[in-house]
1. With respect to V85, determine if the residue is of a type in the set (A, V, I, L, M, F, W, C) and touching a Ser or Thr at 6+ places or on another chain (Cβ under 9 Å).
2. Can you pull out the helices (runs of 4 or more DSSP H) entirely within the stretch 1-86 that have at least 1 residues that are without any contact (Cβ under 8 Å) to a residue 12 or more places away in the chain and at negative phi?
3. Among the residues of the stretch 4-45, what is the count of those that are surrounded by fewer than 16 Cβ atoms within 10 Å (Cβ to Cβ) and hydrophobic (A, V, I, L, M, F, W, C)?
4. Surrounded by 13 or more Cβ atoms within 10 Å (Cβ to Cβ) and either closer than 30 Å to R2 by Cβ or over 16 Å from the mean Cα position of the chain (by Cα) (or both): does that describe E61?
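A short reminder: the numbers here are calculations on the coordinates, not readings from a lab. Nothing here was measured: the structure is a model prediction, and the numbers come from that model. Here the Cβ is made from the backbone with ideal geometry for all residues, glycine too, and neighbour counts use every protein chain on show.
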Amino acid sequence: MRIGELSERAGVSTRTLRHYEELGLLPARRRANGYREYDEADLRLLAEIRDLVELGFALEETRPFLDCLRAGHPTGTSCADARAVQRRKLAEVDDLIARLRTVRAELADQLDTPVPRCDLTC
């Protein structure tokens, strides 16, 4: 399929597809006439990228998952390198949750602290 069809089926712009190609995330196969050519496997790679980005992964972090799919594994999480990236991302999420809990506790404490009455416009 050509870039326009892939764009439509994947729900991304052709500009996005070209960007992924520049980053080496999407293969750049060309026909004799110079047109880009894609197949169903590329559609699967795009779905993997989309799913991972929605989970908060940076584009570069998707590479091990895509490599795993390209190697013929049933999922992008079937390979050790991808699992390592997942573990790092999980640790980042855990850290973020801990920081957000601290911020929340501080805000709750501030709201629970009585405020002296202000006779002037505060």
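1. On the way: of a type in the set (A, V, I, L, M, F, W, C): yes; touching a Ser or Thr at 6+ places or on another chain (Cβ under 9 Å): yes.
Yes, satisfied.
2. Details: elements: 3-10, 14-23, 40-54, 63-70.
Filter on the stretch 1-86 gives 3-10, 14-23, 40-54.
3. Here the count works out to 5.
4. On the way: surrounded by 13 or more Cβ atoms within 10 Å (Cβ to Cβ): yes; either closer than 30 Å to R2 by Cβ or over 16 Å from the mean Cα position of the chain (by Cα) (or both): yes.
Judged against the criteria, E61 is a match.
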